[in-house]
Each structure stands twice: as structure tokens, then as C-alpha cells.
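One structure is given below, encoded as C-alpha cells.
The values are calculated or read from the model by the stated rules, or taken from the named source; none is laboratory data. Quick caveat: nothing in here was measured; it's all calculated off a predicted structure. Positions of Cβ are backbone-derived with ideal geometry, glycine not excepted, and every protein chain shown enters the neighbour counts. Heads up: the accessible areas ignore ligands, DNA and RNA and are worked out on the full protein's heavy atoms, side chains in. Shrake-Rupley method; radii C 1.70, N 1.55, O 1.52, S 1.80 Å.
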Amino acid sequence: MSTILLIEQILNGLQFGVMLFLMAAGLTLIFGVMGLINLAHGSLYMIGAFAAAAVAGWSGNFLLALIASLIAAAIFGVIVEMTVIRRLYKRDHLDQVLATFALILIFSEATRWTFGSFPLFLDIPAVLKGTVILPGGIEYSLYRLTIILIGLAVALGLYLLISKTRVGMRIRAGENDREMIGALGVDISVLYTMVFALGAALAGLSGALVGAIQSVEVGMGEPVLILAFVVIVIGGIGSIRGALAGAILVGLTDTLGRTLLPVLFSSFMDGSAATTVGSALASMLIYILMAGVLIFKPTGLFGSA
Amino acid sequence: MIREGTLNIVILCLLVAVPAYAYVMNEPFTITLATRAVIFALAGVGLNLALGQGGLVSFGHAAYFGMGGYAMGILASHAQNYDPIFDGAFLIEGTNSMPVIWVVAVVSSALLALLIGALSLRTSGVYFIMVTLAFGQMFYYFAISWPAYGGEDGLSIYVRNQFPGLNTLDPIQFFGICFAILCLVLLFVDRLNKSPFGLALNGAHQNEERARTVGINVYKLRLVAFVISGAITGLAGALFADLNRFVSPTMFSWAISGEIMIFIILGGVARLFGPVVGAAVYILLEHFLGGLSDYWFIYLGAILLGMVLFAKGGIIGKLAKKETHHGG
Amino acid sequence: MISKNAKRTVKALGAATALALSLGQVAVADGHAGKLKVGMLTTLTGGGAGLGVDIRDGFLLAIEQSGNAGIEVVVEDDQRKPDIAVQVADKMIQSEKVDILTGIVFSNLALAVAPSATAQGKFYISPNAGPAQLAGRGCHENYFNVAWQNDGPHEAAGATANKMGIKKAFIWAPNYPAGQDALTGFKRTFEGEVAQEVFTKLGQTDYAAEIAQMRASDADGIFFFAPGGMGISFLKQYADSGVDLPLVGPAFSFDQTILPAVGAAAEGVLNTAQWAPDLDNDASRAFVESFKEAYGRIPSIYAQQGFDTGLLIASAATKADVKDADAFRAALREADFTSTRGDFKFGNNQHPIQDFWVRKVIQLDDGTFINTAVEVALEDRQDVYATECALDW
């Protein structure tokens, strides 16, 4: 494998990681502040993608579609938080897992009922089409570069929000001591609804961004959801910094694993078998990584006990 | 409100009455459904030991369910093709004898649970949920892409395996086998829960610190519970494979882990008969809602959601009086 | 007579009230028990639902057009889960007492259901999945396949790659049995050399790493098999990658169920199947017209396969009583119906011997994308497993 290809694959891994981060950020934020495991996060991702596809189909404007994805996911987030989720904060994780699992069933089939059984069309905007030549002669998709930039911007924005603003201060206070912040007169239920809506909007945005280069279909949220869980567990649940580190680690491991392992195996096995075995191992690699991290750091890389 | 013990007897009677009625009315499919419920109940009883008594929320019990299934699939497919599993210094043949398959299923899933448990129990809380999920996914992807035993296509076993003296292809006789196993396991788990081991396990769940201070090795205690739990679920997997005469990687999927969990929560966490009621109700819902609409998952989701939000303690918790020794 | 279940589903489509009404009338007109009962077991919920819906709709249309009031259809969902499929099949056989099962989309589900259905003396007629296990040594006198053996479209793609002048092919598929078979099928007819062979994860949605490998390889063409969402994702990402090697593949990534979602990214790509919506024969034209009228969309190959399956069963029903299994089997083997794909007959293993077409994705004036038939890729193709099948008739 040439150096150029290797660098390109590292870039791909980085880009995959950033895509995962967009999804994982909301998940880890919601867990950090409210202590809630939200399996339905993948459904909000799907809602974002469907809203974007519907609006893009109607208006032809990608920016409008992105805004629609943010708004739609946030609105659904608020509705779900106020009707269901807020009853779960005091429950144990088991109840949260089951209730949000039930939400997945409802959201998926309701989406299919509304939009039909066939995948929807969502394309990247004309201005972001095509490739650019990076230093070193690497030809890289402009849209993927944009995703990397948006992801990093979101990471920076979240960092500023949490460390520099008043809302952020309350969020941090809520993470540390839920009882105390209520006692200080902060309307905790409004804060929780806001945080949940923010997490939902992030999921919706990433659904729309990713939907433009993937398939907008029912059930698109669940595979990403599991990956996002792997990411936040590796990073330490509740830590935005951890989510970013975990996402990039997972993105790199997965991308490099699936390109390098078959090559590695073909050095001592015959062609077809090496590809099969190498790919089989590669598909398990991130779970092995996660198990490995947890065995040595049971609360993830940046998690606190 | 009735006593939980009385309720349990009613449940067992119903579980026998339905297939018995179906047998008289010549409705073999109803017997198949009841068998499915009994097998899922067994899987749930296994998980309930870890989850209910031990407070170990495993989101990866599909790994043991699948392991049990593949123990059956691999042994039976070798027997079906008259092709030894291992032919080297010594010979290992496949088999179509149910008792042998059960032993292999129990031992292999117990070993797997030992391995996964030993690593996962280093973590706790959400991390434990997620790391067990990760191990489940690992086996799922392995089973899909490993070509030796069919990969995603799975393995078809054309004839159900044999049990001495019985015709296992007869639905009512196979139901009898599964029901007997469920009763034996329930009896075993009941004794276990009331033993010093079970009390210590529950104690460590209620208050880990106190358990430590009285000198209990919590890690070891939980590991043993986790292994027994995995072994029971593995046994259920072997029976499930025999019911369908088919195994496939979907037995390893996270949806199965979720379903087994649902049985427990529907019925009542840490209740001996919780998973039994939960599995039966789930099968009934699946059967009747499926006929209502193409979008019946919406109804199923709504019912589950309602159960979690408004019926804490599950069905048994609603029907039975509180009994003091149960935690949850 | 159409059972309650099927009536409900047809109505739920909201596509053609007229169709639903006429089905309802059939049910009223024919009060007594049906002479032949078909269990349509297919994927109607979740991600793969689009394919199952098309098979069901095509099938019901054919049964309705046959005007045979003696054919009763029950429709059920398999949720794309093998254990549910087995359970529902058992229910159809044991309590609904169906004579024929059909409908399954996915090979792994068909492998779970077909052997047990045929072992219980029922017919299984596959409208889509054609795994090798059921075509070779595992063939069965009561198992018929109306679509293709799974390798067929891939072999046709190999032949097409030869015609396209591809000398070194980059080939890839998801890492599961159907994917592994796809690459084997392609290599069986492809005469050039394989530059690189890659297996991706099943359900993978990001292909940046694979596309980088394609760019770096010295291949002059790409063969791929990526059904459903995987194909949509790959095509969109490939179109935007700047790599412009010619693509070829089986129809599954270019079919009418997903073309609207892929859009221009698929335009001009050659793909292979037994049928295309503009195929030049009367049966096909009539089918496309009536399907559009009934459901308001262009039929996919899945719909076409469902329709042909319906035609086959209806044709056999006019010749023999299904209770006389030998006579009914003989009637099925005759395949005495006008297939929408033109010539159609069964080989000894009861899989089709048929032409495979090269199709090209084009955009119509109204903006819709559609496959147009270009030329025959493989003529009168029979699958290679037929020789291993012991059936002889």
C-alpha cells in the first residue's frame, strides 16, 4: 500500500469518525446531564434525514433542508421529552432501555407509514459536488471535507457552549449535582427539555448531512446508534471531549482495519480466504477495541467513575 | 390481589391448558406458539437470574442464546451429513440426541459467559450494559461472515433431534419436553434464590458496600451468577433451534437481547415467573397485533411504552401482593 | 376468494380502490371454500419492506387478473427474521392449511422455510431468493424457483463486463454468503483478471475507504453487488468521488425500488436482470400498464417476479387440482404461461432457463429514472447447479 493511499485512508477514517461524533455528541450530552440512555437517538437521526429529504425534494435547497432537519428533530425531541422521556430520568437504566426501544418501534413504523417503504432521494448540493486536490496530490471529496469541518465546528461550539455560557454553567452544574441545581432555583425541567432538544437537533443534523451520501431509509438509525454507543463508551459516557476522541479512534480503527487486515492476512494465506477472514475480523474490530478499553479503563478514556 | 405463589400455579396451569386444549381441538400451530413462549420464558429465566437477582443488566444475552443454538446446529448438521466434527488423534462425531446436545449447549454457553463475564464485570452501570452489547455484536458479525457453518444463511436441520422414548416431531411431545425443562429450571432457580448464594447475590445488588464489608467477594459471586444465567439462556437457544429446525446469526442479534429483556420487564423484574408471563404475553401480542395492520409495530411499541411508564413491577407486580424477600 | 388478511393489505395500500373493490367482489361472489390456498409470506415491515411489498403487489395483481375465484391468498409478514418466517410458515401450513407457500425475499429466510415446507408435503414457489443449496444436491420436487438461481444475474454481469472490454476488474460485495456467491458467479463468466477482491461489512454505509482502494488500484472496471441501502450509499459516494471507472453489477442496486433514491448517480450504469420495464413483448407491456394503474408506480423486478409467480400458479390451477400433488407438479413444470420476460421454461432442478438482459439506467423526459433493456447478456442460461440435482422428469 502506497503512502498516498495510506494518508487518504487516514483521512477517511478521520471523516468517518467526525460523522460518528455528530451523532455521539448528542447522545453523550443527554447521558451526561440527565443520566439517560436514549436508544431512540437513532430515530431522531432518521427523522432529520427524512425531513431534509422531504424539504430538499420540495424546495431544491440543501441549506433549507439542513435547517429543516435541525428543526424537525428538535421538535420531535421536545415532544418526546415532555411526554415520555422526563418520566424516565428517575428510573433505572433498564426501564430507560425498554422505553426508548419501544420508541424506536413507534418512530420507525410511523415514518414508514408517512413516507412509504421505499428509500428517499437526497443529494449533495451542486456547490459541494466533486473533488479537490489536497497537498501531496490526494484527490478528496469536497463534501466529505465539509463534513469534517462542520463536525469540528460543532465540537468547538459545544465546547464554548458548555464552558463559556450561562446555560453551559447550568449544564455542568446539573451533571455534578442534580439536586443542588434545582435547589438553586434553576428550572430543571426546562433545562432538561432544552438539552434534550439540542441533542436531538444534533442527531437530526447528522442524519441530514450523512443522508446526502448514504441511503435515507427506515432503519438507517440503528446501525449508527450502536456505533455511537461504542464511541461514547470508549470516550467515557457524558464527556464531549471523550466522544470526539472515541469517535476518531473508532473511525480510524474501522477504516484502517478493513483496508489493512485483508492485506495483512494475504501475506500468509491465499487470496480469497484472506479477504474473507480479514474482513470478518475487521467487522469485529471496533467491538474488540471497546472491550479492550473497558478492561483497562472501566469508565472509558475520559470518563469519571 | 393474590399471593404470588398462587399466581405462579395459575400461570403454570394456563401454560399447560392452552396446548392441551389445542391438542384436543387439533390446532398444532397453537402448540407451536406455546412451545415458543416456553422456550423464550426459559431464556428470560436465565437472564432474570443475572438481571433481576444480581442487578446485572446484560444487553448481550443473545450471545448465549445463539451459542446454544449453534451447539445444536453444528452437532446436528454433522450428524445429518455423517461427517465427523474432528477427525485427528481422536474422533468427535456429530449427534442428533437432544440430551447430548443440551449438555454441549449448556457447557459451551457457560464457558462463553465465563469469558465475557470475567471481562465485563470489571465495569458497572451503563458501561456494563454497553460492553455486554458489544460482545453480543462481536459474535453476531463473526457468525455472519464465517463461512464454515452457513454464515448469514444459517443451518437447516431437516429432522428434529431425538429424545429417547419420544417422538419429538409431534408438537405436543416436543412441548412436553420444553415445558418439563422449564419447570425443572424454575425449581432450580427458586432453590438457588433462597440459598445463601442467592441471598448474597441479591444483597450485593441492594447494597454492594455492605456486602463487601461482611466479607463477600462480590466479583466472584456475580461471575458465578452470570455463568449460570448464560448457561440457562444457552439451553433455551438449543431448544429454540430445535423448534425451528434452523439456526442463523439472527439468534445473536441485539434485537434478541432486547426481546429477552422485554420478557422480564413485561412480567416483572426479579419475579420467579416474571419472564414466563412476559414471554407468553409478548408472543400473544406479536400473534394478534400482527394481524391488525402492516404497521403493527406501532401498537407493540405503544403497549411496551405504556407498560414501562405506568405498570412498574410488570404484570406480576400488578397482580400479586408484595412479597418481602424480593428486591428489584 | 381472497382472505380477510389480503383484502386488508390491498386496501391499506391506498393505491387502487378499484382493485380492492374488485377483490372484495370476488370474495362475495365465491362463497364456498377455495380450491387452492396460497400463503404469501414476505417482508412487509422494516428496512426490506419495499421488496416484499412489490412481490406481494405483483402477485396479487396476477391472481386478480387470472379471474380464478378458486385461488385464495393469505398474506403475512416475516419481519425479515428467519425464526418468525419459520413460525408463520408453520402457522400457514398447520392452521391455515395452505397448499402453496411463496413470497420470501431473502435467501437466508428461504433456506429456513423452504426445506421444512417441502418436507411437510407443501409446494414452495420462490419469487426471488434462489440459494445454491436448493438448486443443486438439495433440490426438491416440490420446490420451484420462478426468479433465478442467485448466481444468474452475477454471471450475466461477468459476460457484460467482457463485452464492455473490462480486462482488470475490481470486485466487491458484502461479507456474507450471498456476497461471496456474487463474486464467485461473476468470476465464472468473466474472462479478464481480477485486480482486487474486497469484502465489506454487511450493512456498511460508508465506502470512502473502498473507493480510495479503487482509485489506487490498476483496475479498468468495477463489479459490485450491494443490495438495498448499501447500493444507494455506494453509488452516491462513488458518483462524487471523481473515480470514473465503468461500473457493472446485478440489478439489485439499480432497481425501481431504489432508483428514485439514487437519482443521477446511477445514470448510464449497465446492470443485469431477467427483465426490464420496457422489454419488447405484449405480456410485459400489459403488466407494466396494469401495475401502474393499480398501484401508481413503475414495477420493479421484484414486482415482475411476483407477477410471474402468480401467473405460474394460476396456469397450473387450471390444469390440475393441487390436492393431486403429482398432477399439479407436472402442471407447474410445464410452465404454461406467457412470462413477462419472454421465453421461460424450467430446468430439471425446477429453476428457470432464461435470457438475462443488460439494462441501462436512463432518465425519462419527466425526470424519472428507469432501466431500459439494451441487449441479451446470456441466452437461455441455466444455472450450474442443475447437474448436481437428482430430479429427472
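Surface exposure of the stretch B:239-328, expressed per residue as accessible area with a 1.4 Å probe, stands at 32 Å². Using 10 Å bins from zero, what percent of all Cα-Cα pairs in the stretch B:117-264 falls into each bin? With 10 Å bins starting at 0, P(r) equals 9, 29, 32, 21, 8, 1. Listed by chain and number, the lysines whose C-alpha is less than 19 Å from the C-alpha of residue C:168, apart from same-chain residues fewer than 8 away, are C:187. Take the Cα of residue C:168, step 7 Å along the line toward its Cβ, and report every residue of the stretch C:233-275 whose backbone nitrogen sits under 13 Å from that point. Nothing falls inside the zone, counting backbone N under 13 Å.
The tail of the calculated P(r) for the stretch B:4-319 beyond 35 Å holds 18 percent of all Cα-Cα pairs. The value of relative contact order for chain A, using C-alpha pairs under 8 Å at least six residues apart, is 34 percent.
Mean per-residue shielding of peptide C:273-285 is 0, counting Cβ atoms of other chains within 10 Å of each Cβ.
For the peptide C:171-179, the mean number of other protein chain Cβ atoms found within 10 angstrom of a residue's Cβ is 5. Inter-part distance, the stretch A:147-209 to the stretch B:191-237, computed on C-alpha centroids, equals 39 Å.
Think of the protein assembly as shown as a dipole: +1 on every Lys or Arg Cβ, -1 on every Asp or Glu Cβ, centred on the Cα centre; then among C:189, B:39, C:53, B:39 lies furthest on the positive end.
Its Cα centre serving as origin, the stretch A:3-220 has a Cβ charge dipole (Lys and Arg +1, Asp and Glu -1) of approximately 380 debye. Counting only DSSP beta bridges whose two residues both lie in the protein assembly as shown, roughly 40 percent are antiparallel. Contact residues in the stretch C:228-251 by the 10 Å² criterion (accessible area, 1.4 Å probe, full protein complex versus chain alone): C:229, C:232, C:233, C:236, C:237, C:240, C:241, C:242. A simple charge model with +1 on the Cβ of Lys and Arg, -1 on the Cβ of Asp and Glu and nothing else charged puts the dipole of chain C at about 860 debye relative to its Cα centre. When the Cα positions of C:85, A:192, B:216 are compared along the charge dipole of the protein assembly as shown, B:216 comes out farthest toward the positive end, with charges on each C-beta of Lys, Arg, Asp and Glu. Summing charges over neighbours of residue A:124, with a neighbour being any other residue whose Cβ is under 12 Å away from its Cβ, gives +1 when K and R count +1 and D and E count -1. What value, in deg cm²/dmol to 500, does the helix sum -39500 (n - 2.57) over DSSP H runs of n ≥ 4 give at 222 nm once divided by the residues of the protein assembly as shown? Result for the protein assembly as shown: -20000 deg cm²/dmol, rounded to the nearest 500.
Spatial offset of the stretch C:51-124 relative to the stretch C:335-362 amounts to 21 Å, using the alpha carbon center of each. Counting only residues at least eight positions apart within a chain, or on another chain, the lysines with an alpha carbon under 22 Å from that of residue C:345 are C:122, C:319. Geometric descriptor of the protein assembly as shown, per residue, is 174 Å³ (volume of the convex hull of the Cα atoms). Counting lysine pairs in chain B that sit 8 or more residues apart in sequence, or on different chains, and whose Cα atoms lie under 29 Å apart gives 7. For residue A:218, the solvent-accessible surface with a 1.4 Å probe is about 20 Å², rounded to the nearest 10. For chain C, the alpha carbon positions stretch 67, 49, 38 Å along the principal axes, listed from largest to smallest. Per-residue mean of foreign Cβ neighbours for A:231-241 is 2 (Cβ atoms of other chains, 10 Å radius). Here the accessible area of the stretch B:1-117 is 71 percent carbon and sulfur, with a 1.4 angstrom probe and all protein chains present.
Computed from the Cα positions only, the extents of the stretch B:209-328 along the three principal axes stand at 56, 36, 20 Å, in decreasing order. Cα centroid separation, the stretch B:151-182 to the stretch A:1-55: 44 Å.
Once Rh for the stretch B:112-151 is found with the Kirkwood sum over Cα pairs, what is the Stokes-Einstein diffusion coefficient at 20 °C and 1.002 mPa s, in µm²/s? It comes out at roughly 195 µm²/s.
Legend: residues B:183, C:389, sorted from most to least accessible area (1.4 Å probe; ligands, DNA and RNA excluded), read B:183, C:389. Dipole check for the stretch C:139-234: with +1 at the C-beta of Lys and Arg, -1 at the C-beta of Asp and Glu, and the Cα centre as origin, the magnitude is about 160 Debye.
Enclosing the Cα atoms of chain A in their convex hull gives a volume equal to 151 cubic angstrom per residue.
Placing one equal scatterer on every Cα of the stretch B:64-140 and applying the Debye formula, the log10 ratio I(q)/I(0) at q = 0.20, 0.21 Å⁻¹ is -0.87, -0.91. Computed with a 1.4 Å probe over protein heavy atoms only, the accessible surface of chain C comes to 31 Å² per residue. The heavy atoms of residue C:319 offer some 90 square angstrom of accessible surface to a 1.4 angstrom probe.
Sorting B:102, C:172, A:58 by solvent-accessible area of protein heavy atoms yields A:58, B:102, C:172, largest first, with a 1.4 Å probe. In this simple spin-label model, placing a label point 7 Å from the Cα along the Cα-to-Cβ direction at both residue C:392 and residue B:214 gives a separation of 7.7 nm. When Lys and Arg each count +1 and Asp and Glu each count -1, what net charge do the other residues less than 13 Å away from residue B:97, Cβ to Cβ, add up to? Within the 13 Å Cβ shell, the charges total -1.
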